[in-house]
Amino acid sequence: MPAFAPLRVRSGWQRLRLRRAMRRRRRALAAGLAVTAAALAAWGPRTPVGAEQHDDPVALRQHRPPPADLVSAPVRIADGETVRLLEPGDRVDVIAAADSPTGGASEARVVATGARVTEVPRARETYPEGGALIVLSVPRPVAAALAGAGTSARLAVTLC
């Protein structure tokens, strides 16, 4: 068997390398945690869920009623071609124009603002007066106003 030189282990050097490696590992872990915390802070919501920033919380409630107060209201719109432009999810204003007995100009009034279209049923039969049906999601008092206006006036919609 050939003769080999004795093997000498430098224990001080190896301990120093191990310490450096552990220091690097701790720094990398700390940097990773800092980046994760910054990303979570930037990604999270800035306002509470379901709330918008308004100066007046009463105004927010007036513009957007709670979902429990909404009802589905079927409304016959005088111009059937206009209804073909609508899709579920659209927001519309409903305008009532009373028929004038003299055939002149009539006064129009806004019955509902920002009503969400929930359904646009296909016409199964033609109506002599024309028009088409849509279903709107509106607060209960507005649904009553729409029903009353639909009996005495022609209804039209404008997209919001």
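Things to note:
- Ranked list, fewest to most other Cβ atoms within 10 Å of each Cβ, for Ile134, Ile77: Ile77, Ile134
- Backbone geometry of segment 149-159 corresponds, through the Karplus equation with coefficients 6.51, -1.76 and 1.60 at θ = phi - 60°, to 3J(HN,Hα) couplings of 5, x, 7, 10, 8, 8, 9, 10, 10, 10, 6 Hz, x marking Gly and Pro.
- Order by protection proxy (mean Cβ within 10 Å, highest first), peptides 111-120, 81-90: 111-120, 81-90
- As a proxy for reagent exposure, Leu133, Leu40 were ordered by neighbouring Cβ count within 10 angstrom, fewest first; the result is Leu40, Leu133.
Read-outs throughout are calculated quantities, based only on the coordinates presented, and are distinct from any laboratory measurement. Computed from a predicted structure; not experimentally measured. In this analysis, Cβ positions are derived from the backbone assuming ideal geometry, glycine residues included, and neighbour counts consider all displayed protein chains.
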